[in-house]
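Each remark here refers to the structure printed beneath this line.
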Amino acid sequence: MTSVSRSLILALFGLLTLPACIESAPEEGLELATSEAALGAESVSQLAPCKRCPPDAGTGADAGTGTPDAGTGGSDGGVPSSCLAGPVLSSLGKSKVLTGAKMTDDVATQAPVDIRYLYLAGGLFDSVEPCTSCLSCRAGGLSCANSSGGCDWWGCWQWDQQAPGQYLRDFLQKTALQGQLPMITYYQILQTSGVPEGTAEVLAVRELGLMQRYFNDWRFVLKQIGTRPALLHIEPDFWGYAQKLGPDPRLLPAAVASANPTDCANQENSVAGMGRCMIAMVRKYAPNAKVGLQASAWSTLIDVHLNTNPLLDVTVEARKAADFLRLCGAADADFIVVEASDRDAQWYQVATLTNRWWDPNNTTLPHFRQAFTWAKALSERLGRPNLWWQLPVGNMALPGTWEKWRDNRLDYFFDHPDQVAAAHGLGMVFGDGMVGQTNTSTDNGRFLTRAKGYFGMGGQTACPR
């Protein structure tokens, strides 16, 4: 996929409207980015996605008519169709499909949502163990003291007189006061390794020193959570890139038992062992937290979410992804995270000339029914519900400029929570995955309006009788 410069994006600032065709079903003539290079990059500009960003300043449509296909995920080794979301929701004291977003403090106090999420990303401390003081801590060769401008380790994204980890502890307190469930997306391998995204990132987990720091940081995260309820999302994209290297994660080396004999001495030194180790650590240090790996729709070398071939059996692709993740411990987790897109569809159309729209009428591929069919088959194969994460925030009333791009997914999901539930959806969580995308502070209040409406109507029962 060709990179797009920042100047191109800036040139789009003055764009007030785009041709009306973008509101219709996707044009089949537009080329879809399904090549190995495009999928491996997952980056179409020089702008850093939020998976790489420092903390947010605020934190310290058309109705379709289709419904998900019944699918056959319950056969061939899968789990029979049932309400997979029920047990997890019940353990959280919930019965409705959860909703939430990545939000600033200001938006979070106005939103009647179940979940608020943030990233822990950026890099790790340079020492083997977590720093005990931000004044003396160094990360990426930089001092974490405020006087030096700070560092990339999330543990010191705060006043340097406070003990490391206050940034996360503050977030946990804020969500508790608002009655919201905290969700933490842990995304550290890429930033800490300093290698290009994709294959090199997966190969980097072989390094003993890196993985010692990595597991020590993960333990530190879990200890901040303690007995609090939380949702933990481990390494988006990583498992997808790993599967692209081969169908068996046990054959992909990783420093696990050798790097973390304290918690995972019995785990194998492989990517499979890495996933199982991280889940086991959650059970040990944060027993009331729920944890999930992420399934990427492109991990099988066919991007199911962009597929335009009506002959493709997306349930087969879902089972391939599920079988890989099962070996990494996903069936021992509580849920599986799925993602629609990390950027607004209109941004992709303008900036990269690629079509990322899903047809809300479910007549022209790619469409929503295809995505829900894949998610349902994935969940039934694993026996775990899915959680839609980082759904684009754009809406069709926006002008098509910086942080105000159009997308139809927010409205579709709020219009059809029954389809989310029917596909074993645990929840739907919205947020921008890259700077410059529409977010919950720039969407002209659309997310807040839809969230208030969803809760005002009582929400969607996850397990209708």
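Each residue of region 262-267 in order: what ³J(HN,Hα) in whole Hz does its phi give by Karplus 6.51 cos²θ - 1.76 cosθ + 1.60, θ = phi - 60°, with x for Gly and Pro?
Each residue's phi maps through the Karplus curve to give 4, 10, 9, 4, 8, 8 Hz.
Output the pairs from Lys94/Lys223; Lys284/Lys320; Lys102/Lys244; Lys174/Lys223; Lys320/Lys404 with a Cα-Cα distance over 27 Å in this structure; if there are none, say none.
Values: Lys94/Lys223 25 Å; Lys284/Lys320 30 Å; Lys102/Lys244 29 Å; Lys174/Lys223 18 Å; Lys320/Lys404 36 Å.
Flagged as over cut-off: Lys284/Lys320; Lys102/Lys244; Lys320/Lys404.
Using the basic label-point model (7 angstrom from Cα toward the beta carbon), what is the Asp332 to Ser148 distance in nanometres?
Rounded to a tenth, the inter-label distance reads 3.8 nm.
By per-residue mean of other Cβ atoms within 10 Å, what is the highest-first order of 283-294, 334-345, 181-192, 127-138?
Values: 283-294: 19.6, 334-345: 24.7, 181-192: 23.1, 127-138: 16.2.
For the peptides 283-294, 334-345, 181-192, 127-138, the packing ranking is 334-345, 181-192, 283-294, 127-138.
If you consider only alpha-carbon coordinates, what radius of gyration and Dmax does region 216-306 have, in Å?
When restricted to the Cα atoms of region 216-306, Rg and Dmax are 14.2, 43 Å.
Using unit Cβ charges (K, R positive; D, E negative) and no other charged atoms, how large, in debye to the nearest 20, is the dipole of region 126-183 about its Cα centre? List each step's numbers first, then the result.
Numbers: 3 positive and 5 negative charges, 34 e Å.
Charge dipole, region 126-183, about its Cα centre: 160 debye, nearest 20.
Rule-based calculations on the coordinates, nothing more; no lab input. Since this is a predicted model, take the numbers as computed values, not measurements. Note that we place each Cβ from the backbone using ideal geometry, even for glycine, and neighbour counts take in every protein chain shown.
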